[in-house]
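Structure, as structure tokens:
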Amino acid sequence: MTRHNSPNAASSAAPVFDSAGKLAAIIIGVTAVVAGVVMGTTNPILRGATSSQGAQIDTLFSLFLGIASAIFVIVQGFLLFSIIRFARAPEDEGDGAPLRGNTKLEIVWTAVPALIVVFLAIYSYRVLADIDRPAAGQMVVEVTGRQYAWEFYYPEYDVKTAELHIPLGRQALLKITSADVNHAFWIPQMRIKKDAMGGKITTANITATEPGVYPIVCAELCGAGHAVMRSQAVVEAEPTFQTWIQSQIGAKQRAAGAPADPKALGRQLYNQYGCNACHKLADAGAVGLVGPALDGIGGRAANVVPGQSAEEYIRTSIVKPTAYLVPNYQPVMPGDYGQRMSEAEITALVQYLLEQK
Ligand code: CUA
């Protein structure tokens, strides 16, 4: 059955939507709305923000969404009402009433949105000013993105780590940059997402409001390892944070002097330089899955490459990760460990891995 709007067909045409079509449209519409609401309310990264800045951003977002939804409902309501109320009667072939604007109405529908936009602009500006304001006792953390890992440096303590730790309730000022291509630093649950660009520093304040471990994601396509460029933000009470930072300082001092326990030092370096993020190793409590597991590496590293000792193989794999690729793994390991680690640290790490039999 075809339908035309030609004058001949008009009087005999069936309604444009038959009742089955109407029903299908309603079912699809309602399903889409329900699915949207379920996805929006159950996705863990969209539930309650875990930083005070994030909470303000959420409030602002909800306000925008609320106003937009209200306007949508009002406009669609009028539209639906008009479609039903002013529908042409079946035999009515006459013209509609001539309408020529309505000055009062036009003033109202220009002035009201203008006021809403001005209000939202002022409110947005206040939120932005508020989340950018430094708080007393602020702690600086320098964040560097590189293909394909995040590095965190605490200038106050002269400590470098592969995992972000922040004390609960104390504001952290993140100074974000990149050592190579563009990345984007993203902690979804804290509602912070900032570009990390070489030669530039972007900043963000975060004041964590809930203890926990939150994923850090790279949100800018930066190469083959983009999807695995992840870390985590650990939010802990101030005393726990102090214990952690002191353990990092202690480890660094041990690394500088003659190490008392080479195994403890190796384990420390393994976690400090982020090996743990990608390489599973029971001795270091590491569960990473991005790269090959290193349990027992000391026992099988000899003659992986013919004629090369286990020590040479491990050392080369650290300073030049692309030299020998293990089948089924992507070449995504940062290539600059030779520059970032001291010679003594590399030696200590190699010795530690050799001990893993
Ligand atoms: Cu770094 Cu994507």
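The values are calculated or read from the model by the stated rules, or taken from the named source; none is laboratory data. Everything numeric here is computed off the predicted structure, so don't read it as measured data. All Cβ positions, glycine included, derive from the backbone under ideal geometry; neighbour counts span all protein chains shown.
Evaluated against (1) over 27 Å from Gly169 (Cα atoms); (2) surrounded by 14 or more Cβ atoms within 10 Å (Cβ to Cβ), Ala208 falls short on exactly one condition, (1).
Here Gly48 passes the criteria (1) modelled with pLDDT under 90; (2) part of a helix (DSSP H, G or I); (3) under 34 Å from the mean Cα position of the chain (by Cα) except the one numbered (2). Is it the case that the stretch 117-129 has a residue that's in contact with a Pro (Cβ under 7 Å, 6 or more places away or on another chain), surrounded by 10 or more Cβ atoms within 10 Å (Cβ to Cβ), not basic (Lys, Arg) and not in a strand (DSSP E or B)? Checking the stretch 117-129: not a single residue is in contact with a Pro (Cβ under 7 Å, 6 or more places away or on another chain), surrounded by 10 or more Cβ atoms within 10 Å (Cβ to Cβ), not basic (Lys, Arg) and not in a strand (DSSP E or B). Per the listing Gly307, Gly338, the residue uniquely among the small types (Gly, Ala, Ser) and in a helix (DSSP H, G or I) is Gly338. Taking Arg254, is it charged (D, E, K, R), over 16 Å from Gly54 (Cα atoms) and crowded, with 19+ Cβ neighbours inside 10 Å? Considered against the rule, which asks whether it is charged (D, E, K, R), over 16 Å from Gly54 (Cα atoms) and crowded, with 19+ Cβ neighbours inside 10 Å, Arg254 comes out as no. Report, by residue number, each residue of the stretch 201-245 that is away from the ligand (no atom under 16 Å from the Cβ) and closer than 16 Å to His183 by Cα. Ile201, Thr203, Ala204 - these are the residues of the stretch 201-245 that are away from the ligand (no atom under 16 Å from the Cβ) and closer than 16 Å to His183 by Cα.
Is it the case that Gln248 is within 27 Å of Glu345 (Cβ to Cβ), away from the ligand (no atom under 16 Å from the Cβ), of a type outside the set (Phe, Trp, Tyr) and at pLDDT below 85? Judged against the criteria, Gln248 is not a match. Residue count for the stretch 159-203, restricted to those that are without any contact (Cβ under 8 Å) to a residue 60 or more places away in the chain, crowded, with 20+ Cβ neighbours inside 10 Å and closer than 19 Å to Ala129 by Cβ: 3. Within the stretch 72-112, restricting attention to residues that are among the basic types (Lys, Arg) and over 30 Å from Val33 (Cα atoms), which residue is modelled with the highest pLDDT? Checking each candidate, the answer is Lys104.
Of Tyr125, Tyr153, all but one fail to be within 30 Å of Gln253 (Cβ to Cβ) and among the hydroxyl-bearing types (Ser, Thr, Tyr); the exception is Tyr153. Checking Gly96, Gly77 one by one, the residue that is over 52 Å from the mean Cα position of the chain (by Cα) and without any contact (Cβ under 8 Å) to a residue 24 or more places away in the chain is Gly96 and no other. Considered as a group, the residues in the stretch 130-150 that are more than 16 Å from the ligand (Cβ to nearest atom) and under 18 Å from Gly199 (Cα atoms) include one that is surrounded by the most Cβ atoms within 10 Å (Cβ to Cβ), and that residue is Val141.
Of the residues making up the stretch 151-190, those that are in a loop (DSSP other than H, G, I, E, B), within 16 Å of the ligand (Cβ to nearest atom) and under 18 Å from the mean Cα position of the chain (by Cα) are Ala162, Val181, Asn182.
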